[in-house]
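The values are calculated or read from the model by the stated rules, or taken from the named source; none is laboratory data. Predicted model only: the values in this text are computed from it and were never measured. Every residue, glycine as well, gets a Cβ built from its backbone with ideal geometry; the counts of neighbours run over all protein chains shown.
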Amino acid sequence: MNQQEIRVEVINPSDPISMDVSDHEAAALAMVLVGAGQYWTEADKDGFLIPAFIFYGEDDRKEWWVGQFGHEMSRDQVGDKRLVSALRSFHLDAKERSSVNNIVGYAHRIADEIEGKPTDVIPAPMSVFFVGERKEAKS
């Protein structure tokens, strides 16, 4: 972690995870890619936090993003180098992972894919919230 980076907790239902944030926009995009809008961060020293977008409607998400960064969410606006740096800043705050979700491994896999490197098969973290119609089990 360099002097300009702030370590923030990634709020998630799995293991204790942090990321080192110096580039708010890249960190926010990385969080959306890794958590599909289900994870958020605590506020950093500047008061910046990444919300859980799963609770936002499309218009609300766009309004938040444009309000923060001056344009709509776009990987092109962030650029691969900044995004990869944000994805690689995810790290586990415990000695070992206790959850079936490998959030840090998934973040690093996305970074590898962006860089065109061979990747291990690390599945996306499981959904925290049930979305859709619940089906009753047949007996």
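Residues are listed down the side, and each one gets a yes or a no for (1) in contact (Cβ under 8 Å) with a residue 24 or more places away in the chain; (2) touching a strand residue (DSSP E or B) at 6+ places or on another chain (Cβ under 6 Å); (3) surrounded by 14 or more Cβ atoms within 10 Å (Cβ to Cβ); (4) aromatic (F, W, Y):
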site: S14; (1), (2), (3), (4): yes, no, yes, no
site: S22; (1), (2), (3), (4): no, no, yes, no
site: W64; (1), (2), (3), (4): no, no, yes, yes
site: N101; (1), (2), (3), (4): yes, no, yes, no
site: K117; (1), (2), (3), (4): no, no, no, no
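Quick one: which residue in D44, D93, D80 is crowded, with 16+ Cβ neighbours inside 10 Å, touching a residue at least 24 places away in the same chain (Cβ under 8 Å) and at negative phi? Answer to the selection: D44. Residues in region 20-40 that are under 9 Å from the mean Cα position of the chain (by Cα) and outside any loop (DSSP other than H, G, I, E, B): A27, A28, L29, A30, M31, V32, L33, V34, G35, W40.
Rundown of residues vs (1) at pLDDT 90 or above; (2) part of a helix (DSSP H, G or I), yes/no style:
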| site | (1), (2) |
| --- | --- |
| P51 | yes, no |
| E63 | yes, yes |
| V104 | yes, yes |
| V128 | no, no |
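The condition (being surrounded by fewer than 20 Cβ atoms within 10 Å (Cβ to Cβ) and over 22 Å from A124 (Cβ atoms)) is satisfied by just one residue among L49, L33: L49.
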